[in-house]
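Single-structure report; data block below.
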């Protein structure tokens, strides 16, 4: 259950950091992704972390989704985790699902940035990685300790959870 | 994939907190388990968290393991996560596996307490919960983003990881 | 050096928390101020914490500053710390200084909210409290481990520090 | 009020880190002191941080205290902060006070390591630095938001605070 696995980073809330100058949470490509630090804390040794995009998912367009699909196809690994903004995570999941890529793909992200106390980032990333080890080929989402097929992956904006 | 799930707390490093008086990390039953706080941060709504024991796993004896097995049997849920010290996690897993309980049981824990910065607690607990949603009946362990059958669950004391 | 001391909370970045719905850092009166939690962590027993305002300092007006001055006057204590947004901290300091209140008043705040990892909140609040114990009557600011008379208290927006 | 200042690191609880192998909090010279990271978070630019010792203060001996005194004397700065274990902080303060070094020396430390959530490290270090800017020559301690002359600096082991 432990063949090679690749994490594709696409941005989203999980990677936002506080910018004192803007007095806001922003995606800062210079600061980089939180994913390597989360893996180190989790004592998880994954062969590859690849930054495909670094965008708020509400700003993703068709070309961005095509780039994600291309990265899934190009990966030598059969199991992939994609970190993604929560706003359009379901849309990307269903897009990838329609392409029948023949791999196990698990999307995850966070409602609160990894840089903020009380974040759900480590919890969700750990969940996605464990699920990616055992799920069948297809496209899935892991949020809040739950596992969703692509068709049911949708943020409930009233509760801030993925309720399926 | 989202039927009811129960978490059984047994103690271990994941739940140690700093005691300024002892100037050490200790299991403090008064402070309680870190698990509810980890679930809240993970935005995870699990029906039941049950404290069965609150012990360093190196101090667990046969009666303790029997109490864990009894709690698994008594639970109305078919999917359980057990938080456990890393020292004898594998031993407890194999003990439970031998009892053929007919449920999906996933053990997890942490190498660094949830109360310490850079802990692996949330990462591992999130992993165990997601895996418990999808794994077949049997006894498993989730650590470091990996999933192990009971037979292969063992801490590598040289690396501080579960390497299978 | 340890007579009674009062902390007046007025809001500012120090008290911002992540709102997952707004996907932003906000002042949330319902969540309350970070100050009591910072004092608890600092093992500091201060008699009184009083919320006077809960505003971004860029939105403070003359009536707000008059309310702060009234709270300083009304306090039975002779030593006060005021938590305040950094944007107009200097302006409020000089306003209070002009009123010749006859008390030791120390303003402080944070460039990064207490709710974000790597915050300067505890560092600055601890500094303000210690300084308030020993400074002469007058109006002062403590930021970045430095102590400024009101006349010299000004954020350098290029460096994000108070450089005097 | 902002002339050059030096921080002398001597170890103590403030610098303890979790060692997963020992399953304990330890002083790890390889990991280094927490002080530079605390200063960075506090946005504090201090010219010099110097590690004199890296010991639990209960293990300090006369030679260690002589080394601290020598470092105070050798420093070109007139204002020094010394991070120190809480167990014998008062003893070191009174030893230094007896030497009449002619400088402003402020001792501080932590009851909970900087590496543990809810630490008092940043609060105390920020307090010591601000106090060191304004206190007269002599030896002082800053803990829990309070300022103590050397004669009154003593941990109350029942409360975990310095109560004077």
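Structure notes:
- Top-ranked residue in region B:36-63 [being part of a helix (DSSP H, G or I), modelled with pLDDT of 95 or more and surrounded by 18 or more Cβ atoms within 10 Å (Cβ to Cβ); ranked as nearest to the other protein chains (Cβ to nearest Cβ)]: B:41
- Within region A:2-24, the set of residues being buried (at least 22 other Cβ atoms within 10 Å of the Cβ) and either in contact with a helix residue (DSSP H, G or I) (Cβ under 8 Å, 6 or more places away or on another chain) or without any contact (Cβ under 8 Å) to a residue 60 or more places away in the chain (or both) comprises A:5, A:7, A:8, A:9, A:10, A:11, A:12, A:14, A:15.
- Among the residues of region C:48-85, those identified as without any contact (Cβ under 8 Å) to a residue 24 or more places away in the chain and under 19 Å from residue C:5 (Cβ atoms) are C:70, C:74.
- Just one of (1) at pLDDT below 95; (2) surrounded by fewer than 23 Cβ atoms within 10 Å (Cβ to Cβ) fails for residue D:78. It is (1).
- Count of region C:95-135 residues which are in contact with a helix residue (DSSP H, G or I) (Cβ under 8 Å, 6 or more places away or on another chain), touching a residue at least 12 places away in the same chain (Cβ under 8 Å) and over 30 Å from residue A:13 (Cα atoms): 18
- Where residue C:137 falls short, out of the listed (1) closer than 15 Å to residue C:89 by Cβ; (2) more than 9 Å from chain D (Cβ to nearest Cβ); (3) in contact with a strand residue (DSSP E or B) (Cβ under 6 Å, 6 or more places away or on another chain): (1)
- Condition met for residue C:75 (within 14 Å of chain D (Cβ to nearest Cβ) and in contact with a strand residue (DSSP E or B) (Cβ under 7 Å, 6 or more places away or on another chain)): no
- Test for residue B:88: is it farther than 16 Å from residue A:146 by Cβ and in contact (Cβ under 8 Å) with a residue 60 or more places away in the chain: no
- Test: residue in region D:80-88 that is within 14 Å of chain C (Cβ to nearest Cβ), within 18 Å of residue B:20 (Cα to Cα) and in contact with a strand residue (DSSP E or B) (Cβ under 6 Å, 6 or more places away or on another chain): yes
- Residue match in region D:136-143 (condition: at negative phi, surrounded by fewer than 24 Cβ atoms within 10 Å (Cβ to Cβ) and touching a residue at least 12 places away in the same chain (Cβ under 8 Å)): yes
- Of all residues in region A:145-161, those satisfying the criterion of being crowded, with 16+ Cβ neighbours inside 10 Å, touching a helix residue (DSSP H, G or I) at 6+ places or on another chain (Cβ under 9 Å) and without any contact (Cβ under 8 Å) to a residue 60 or more places away in the chain are A:145, A:146, A:147, A:148, A:149, A:152.
- Qualifying residue in region D:55-72 (condition: touching a strand residue (DSSP E or B) at 6+ places or on another chain (Cβ under 6 Å) and under 26 Å from residue D:160 (Cβ atoms)): no
- Members of region A:110-125 found to be facing chain B (nearest Cβ under 7 Å) and either surrounded by fewer than 24 Cβ atoms within 10 Å (Cβ to Cβ) or over 11 Å from the mean Cα position of the chain (by Cα) (or both), listed by number: A:111, A:118, A:119, A:120, A:122, A:123
The values are calculated or read from the model by the stated rules, or taken from the named source; none is laboratory data. Remember, it's a predicted structure, so these values are computed and weren't measured experimentally. Every residue, glycine among them, receives a Cβ derived from its backbone with ideal geometry; neighbour counts consider all protein chains shown.
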